[in-house]
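Asks: Here's a structure for you.
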Amino acid sequence: MNRNRISSERVVAVVGLVFLLVAAIVSILLNGDPKSIIEKIAPTNIVIPVVHFICVGLAIVFLITQNLYVMISIFLIESELTILTNYEELGIFFFYAALILILCKDLFVNKPRKRIFRLFVIHLITLFFSYPHGITYMLISISYSLFCFAFYLWIYYSLKAKLSCLFPQNVRDNTTIIGKPAGSTISLSDYNLNERQRNFVMDNIHNKLSYKEISEKYFVSVSTVKKDFAEVFKIFEVSNIEELRILLLQYQLKE
């Protein structure tokens, strides 16, 4: 499961890297955007390729680190640049790609609505500064972005409401793992599990070993295994092994 997740993210990153390289090379051959408001500060025939190459570097960093905040940064930087250089539709796509990733990965743990609203306000201000390309086109872009915001938010909350019923209440309302978005790495030792409990959990989650198989592997009784798991259930505020698996399979586990 983790291999599939990492593989899919790497595929997106590699394709994105190719796109950024092409954009950077092509932007060198073009004359920038004389109408852009950026031109009043610095020549766009230099700014555009420089920003693209910076994002190429960030894409390489993401491939190495798999840090989702790096990917978010790329989307937001490219969004600002493309909106201000006469590629408003592409910039709007980049912005909502970042927003969807933030929501799906729960990257904003503290005050998510306020932080997303701030990003959206900055996005609208950037669209406003695209007015040198035409007031009518600017208004269309702002209206289109507002529609996308409402539509994607509606889809997100609709899917969240439908899928949440598939999770047990102890998992939905769990407060044990705080500040860790789904897909991130968590260490079992951070939750005061002893070495044997960590081994039992890892074998159950990754190797799908039953209580009996774990007892045979570690030469202990089944009752001992159950007792250790009962302690783990209390630590993670779940009721049984199924809820524990649903909770922990959302993350990359290490001892």
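The values are calculated or read from the model by the stated rules, or taken from the named source; none is laboratory data. Quantities reported herein were computed from a predicted structural model and do not represent experimental measurements. With ideal geometry, Cβ positions are generated from the backbone for all residues, glycine too; neighbour counts draw on all protein chains shown. Surface accessibility is based on the protein's heavy atoms, side chains included, excluding ligands, DNA and RNA. Shrake-Rupley method; radii C 1.70, N 1.55, O 1.52, S 1.80 Å.
Asks: Could you work out the pair-distance distribution P(r) of the chain from its alpha-carbon pairs, with 5 angstrom bin width and percents rounded to whole numbers?
Replies: 1, 5, 11, 13, 13, 13, 11, 8, 7, 6, 5, 3, 2, 1, 0, 0
Asks: Report the relative contact order of region 83-161, percent, no decimals, based on alpha-carbon pairs under 8 angstrom and at least 6 residues apart.
Replies: Across region 83-161, relative contact order equals 37 percent.
Asks: Compare the peptides 244-254, 60-70 by average per-residue count of other Cβ atoms within 10 angstrom and give them in order, highest first.
Replies: 244-254, 60-70
Asks: If you don't mind, another one. Using only alpha carbon pairs under 8 Å that are at least six residues apart, calculate the relative contact order of the chain and give it in whole percent. Can you show the working numbers first?
Replies: Values: 230 pairs, mean separation 37.2, N = 255.
This gives 15 percent for the chain.
Asks: Still on this structure: Please give the calculated 222 nm ellipticity per residue for the chain, where each DSSP H segment of at least 4 residues contributes -39500 (n - 2.57) and the sum is spread over every residue; nearest 500 deg cm²/dmol?
Replies: Only helices count here, giving -23500 deg cm²/dmol.
Asks: Determine how large the accessible area of PHE94 is when every protein chain is in place; take a 1.4 Å probe and give Å² rounded to the nearest 10.
Replies: For PHE94, the solvent-accessible surface is approximately 20 Å².
Asks: Helix 135-164 against the longest principal axis of the chain: what's the angle in degrees, Cα atoms only, rounded to the nearest 10?
Replies: Tilt of helix 135-164: around 10 degrees.
Asks: Between region 174-225 and region 60-139, what is the C-alpha centre distance in whole Å?
Replies: Using only Cα atoms, the two centres lie 39 Å from each other.
Asks: Still on this model: Considering the options PHE117, LEU193, ALA230, tell which one lies farthest towards the positive end of the dipole of the chain, charges being +1 on Lys and Arg and -1 on Asp and Glu at the Cβ, about the Cα centre.
Replies: Going by the charge dipole, the pick is ALA230.
Asks: Do you know the relative contact order of region 1-110, to the nearest whole percent, from alpha carbon pairs under 8 angstrom that are 6+ apart? Let's see the in-between values first.
Replies: Numbers: 99 pairs, mean separation 23.4, N = 110.
It rounds to 21 percent for region 1-110.
Asks: Can you tell me the order of 201-209, 80-88, 149-157, 186-194 when each peptide is scored by its average per-residue count of other Cβ atoms within 10 angstrom, highest first?
Replies: Listed from highest to lowest mean packing, they are 80-88, 201-209, 186-194, 149-157.
Asks: Hey, what angle do you get for helix 195-207 against the long axis of the chain, alpha-carbon based, 0 to 90 degrees rounded to 10?
Replies: Roughly 60 degrees, rounded to the nearest 10.
Asks: OK, next. Which value, in debye to the nearest 20, describes the size of the charge dipole of the chain about its Cα centre when Lys and Arg Cβ atoms bear +1, Asp and Glu Cβ atoms bear -1, and nothing else is charged?
Replies: It works out to roughly 480 debye.
Asks: Given a 1.4 angstrom probe, I'd like the percentage of the accessible area of the chain that is carbon and sulfur, rounded to a whole number.
Replies: 65
Asks: Filter LYS105/LYS254; LYS111/LYS180; LYS111/LYS208; LYS227/LYS254; LYS180/LYS234; LYS226/LYS254 down to the pairs with a C-alpha to C-alpha distance above 26 Å, please.
Replies: Among LYS105/LYS254; LYS111/LYS180; LYS111/LYS208; LYS227/LYS254; LYS180/LYS234; LYS226/LYS254, the Cα-Cα distance tops 26 Å for LYS111/LYS208.
Asks: Could you do me a favour and compute the accessible area per residue for the chain, 1.4 Å probe, result in Å²? Spell out each step's value before the answer.
Replies: On the way: 14650 Å² over 255 residues.
Accessible area per residue: 57 Å².
Asks: Same structure again: Amide H neighbours of GLN252 under 5 Å, at least 5 residues apart or on other chains, H built in the peptide plane: list them.
Replies: It is GLY183, SER184, THR185, ILE186, by chain and number.
Asks: Against the longest principal axis of the chain, how steep is helix 2-29, in degrees 0 to 90 to the nearest 10, with axes from Cα atoms?
Replies: Rounded to the nearest ten degrees, it is 10.
Asks: Count charges around ASP203 for me, please; just the other residues with Cβ under 15 Å from its Cβ, Lys/Arg as +1, Asp/Glu as -1. Show your work: numbers first, answer last.
Replies: Numbers: positive: ARG196, ARG198, LYS208, LYS212, LYS217, LYS226, ARG245, LYS254; negative: GLU195, GLU213, GLU216, ASP228, GLU255.
Around ASP203, the charge tally is +3.
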